[in-house]
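As structure tokens, the structure follows; a few thoughts come after it.
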Amino acid sequence: MSTAPFRRLLVTGGAGFIGSHFVRLALACGISEIVILDKLTYAGSLLNLEGVLDDPRVRFLQGDVADPDAVAEAIAGCEAVVNFAAETHVDRSLLEPAAFVQTNVWGTMVLLEHATRARVARFLHVSTDEVYGEVLNGAAKEDDPLRPRNPYAASKAAAEHFAYAYWTSYGLPVLITRGCNTYGPYQYPEKFIPLAITNLLSGQPIPIYGDGLQERDWLFVDDHCRAIWMVLLHGEAGQVYNIGASEHRPNLAVARALVELLGADPETIVHVADRPGHDRRYAVDWSRLAALGWRPRISFAEGLAKTVAWYCARQDWWRARRDDAFAAYYTRNYKGRASVSRSS
Ligand code: TYD
């Protein structure tokens, strides 16, 4: 991997899942200084930064991207920004959409404003393939229309529009990435793959929404971070880059692979009521990123096996994350989804 041309990098949401992996990658690539700004909500945790916080190149600040004072302090002296800070879970966005507007839209605005004043050389905004809405056939290209269909996706699309507007209106060198579904170690257990693994390890079933034939493209977290690093260093300002893995699977196939890897009973896959507005399929064309020289390195089979092995070995980590707050969320989200039928 190329080394960074920036002396000091601000990573917002650096204590979250993808953010914490990205911080490790940037350190491994020889970055001189990293400032991490993270609110440490339920999903972000210092437990995700084990081994990182002792590094003398890292400065950790607990704060909210929606708080101008916190952002002003964090961005001082930074030459580049990578914005991971976000509320990211679709199910939660259906329960509490306002929190998504506050952090994802307003928080991004505050960052863009301060980054413009600080005249940073690069501002990479981490977005999602969900902004396209469901892609029933083929693969979305970067210039396709955005048709987000849930509050999370709508908030990410709105944030992107502000980021692009800061490029065209104020010349802030903005880059946007739209990654597909990402999985790997340190992912909070509300998301499908870690939820399924930790449920199985707790003797609970995997809840499949609806018929389970919804399709996602699954990218291992290290590959996602390498893609962001590549775009940060070599992307063209004002451009959007899709990040895909070309590892499409229906949810049921993912659940069955996990049942097999963990030697669980196939009866532990249970169909429950579907998510409202559930996007049937996501798929992106990532040829623009491939032209920069990026390719995913980890196949789905390899990534899933690594992920299962990590959750088996790190029960200390995920049992601490499946705390009372998690249980309260779980009850709230799944209580209206009584088991519909066993999967055959
Ligand atoms: P998720 O990890 O929430 O990501 P996203 O909704 O952003 O794609 O869900 C991945 C897929 O798995 C999605 O189609 C919803 C489905 N799903 C279930 O079937 N059951 C679950 O308990 C969860 C959390 C997700």
Original post:
Hey, which of the helices (runs of 4 or more DSSP H) in segment 95-197, taking only ones fully inside, have at least 2 residues that are surrounded by 20 or more Cβ atoms within 10 Å (Cβ to Cβ)?
Top reply: 107-117, 151-170
Original post:
If the Cβ limit is 9 Å and pairs must be 6+ apart or interchain, which residue in segment 243-255 that is open to solvent by 20 Å² or more (accessible area, probe 1.4 Å) and hydroxyl-bearing (Ser, Thr, Tyr) pairs with which residue that is part of a strand (DSSP E or B) and more than 9 Å from the ligand (Cβ to nearest atom)?
Top reply: 246/217
Original post:
Can you spot a residue in segment 309-320 that is surrounded by 12 or more Cβ atoms within 10 Å (Cβ to Cβ), part of a loop (DSSP other than H, G, I, E, B) and of a type in the set (A, V, I, L, M)?
Top reply: no
Original post:
Right, residue 49: under 29 Å from residue 330 (Cβ atoms), surrounded by fewer than 20 Cβ atoms within 10 Å (Cβ to Cβ) and touching a Gly at 6+ places or on another chain (Cβ under 9 Å) or not?
Top reply: no
**OP:** Report whether or not residue 152 is of a type in the set (Ser, Thr, Tyr) and farther than 15 Å from residue 179 by Cα.
**Re:** no
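Listed residues 285, 274; which is more than 16 Å from the ligand (Cβ to nearest atom), surrounded by 14 or more Cβ atoms within 10 Å (Cβ to Cβ), acidic (Asp, Glu) and modelled with pLDDT of 95 or more? Walk me through how you get there before you give the answer.
Values: 274 fails: more than 16 Å from the ligand (Cβ to nearest atom).
From the options 285, 274, the qualifying one is 285.
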Subject >> segment 321-341, residues that are away from the ligand (no atom under 15 Å from the Cβ) and open to solvent by 80 Å² or more (accessible area, probe 1.4 Å) >> reply: 324
**OP:** With the checklist (1) within 25 Å of residue 289 (Cα to Cα); (2) more than 16 Å from the ligand (Cβ to nearest atom) in hand, flag the one item residue 78 doesn't pass.
**Re:** (1)
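Here is a check on your reading of the model: is residue 54 in contact (Cβ under 8 Å) with a residue 40 or more places away in the chain and open to solvent by 50 Å² or more (accessible area, probe 1.4 Å)? Give the derivation first.
Numbers: in contact (Cβ under 8 Å) with a residue 40 or more places away in the chain: no; open to solvent by 50 Å² or more (accessible area, probe 1.4 Å): yes.
No; evaluated as a whole, the condition is false for this residue.
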**OP:** Please give the number of the condition residue 21 fails out of (1) touching a residue at least 60 places away in the same chain (Cβ under 8 Å); (2) part of a strand (DSSP E or B).
**Re:** (2)
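For residue 241, indicate whether it is within 30 Å of residue 167 (Cβ to Cβ), away from the ligand (no atom under 13 Å from the Cβ) and either in contact with a helix residue (DSSP H, G or I) (Cβ under 7 Å, 6 or more places away or on another chain) or not polar (S, T, N, Q) (or both).
Numbers: within 30 Å of residue 167 (Cβ to Cβ): yes; away from the ligand (no atom under 13 Å from the Cβ): yes; either in contact with a helix residue (DSSP H, G or I) (Cβ under 7 Å, 6 or more places away or on another chain) or not polar (S, T, N, Q) (or both): yes.
It is true that residue 241 is within 30 Å of residue 167 (Cβ to Cβ), away from the ligand (no atom under 13 Å from the Cβ) and either in contact with a helix residue (DSSP H, G or I) (Cβ under 7 Å, 6 or more places away or on another chain) or not polar (S, T, N, Q) (or both).
Give 58, 11, 35 a once-over and let me know the one that is in contact with a Leu (Cβ under 7 Å, 6 or more places away or on another chain) and at pLDDT 95 or above. So that I can check it myself, show each step before the final result.
Numbers: 58 fails: in contact with a Leu (Cβ under 7 Å, 6 or more places away or on another chain); 11 fails: in contact with a Leu (Cβ under 7 Å, 6 or more places away or on another chain).
Testing whether each residue is in contact with a Leu (Cβ under 7 Å, 6 or more places away or on another chain) and at pLDDT 95 or above leaves just 35.
Being surrounded by 18 or more Cβ atoms within 10 Å (Cβ to Cβ) and in contact (Cβ under 8 Å) with a residue 60 or more places away in the chain: is that true of residue 66 here? Give the derivation first.
On the way: surrounded by 18 or more Cβ atoms within 10 Å (Cβ to Cβ): yes; in contact (Cβ under 8 Å) with a residue 60 or more places away in the chain: no.
Judged against the criteria, residue 66 is not a match.
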Original post:
Among the residues of segment 212-231, is any open to solvent by 30 Å² or more (accessible area, probe 1.4 Å), touching a residue at least 24 places away in the same chain (Cβ under 8 Å) and in a loop (DSSP other than H, G, I, E, B)?
Top reply: yes
Original post:
Just checking, which of 128, 168 is more than 11 Å from the ligand (Cβ to nearest atom) and of a type in the set (Val, Ile, Thr)?
Top reply: 168
Original post:
Taking interchain pairs and intrachain pairs at least six residues apart, which have beta carbon atoms under 7 angstrom, with the first residue in segment 322-339 and farther than 24 Å from residue 210 by Cβ and the second part of a loop (DSSP other than H, G, I, E, B) and more than 13 Å from the ligand (Cβ to nearest atom)?
Top reply: 325/42
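The values are calculated or read from the model by the stated rules, or taken from the named source; none is laboratory data. Bear in mind the structure is a predicted one, so any value in this text is a computation, not a measurement. Positions of Cβ are backbone-derived with ideal geometry, glycine not excepted, and every protein chain shown enters the neighbour counts. Protein only, heavy atoms only, side chains kept; ligands, DNA and RNA dropped before computing areas. Shrake-Rupley method; radii C 1.70, N 1.55, O 1.52, S 1.80 Å.
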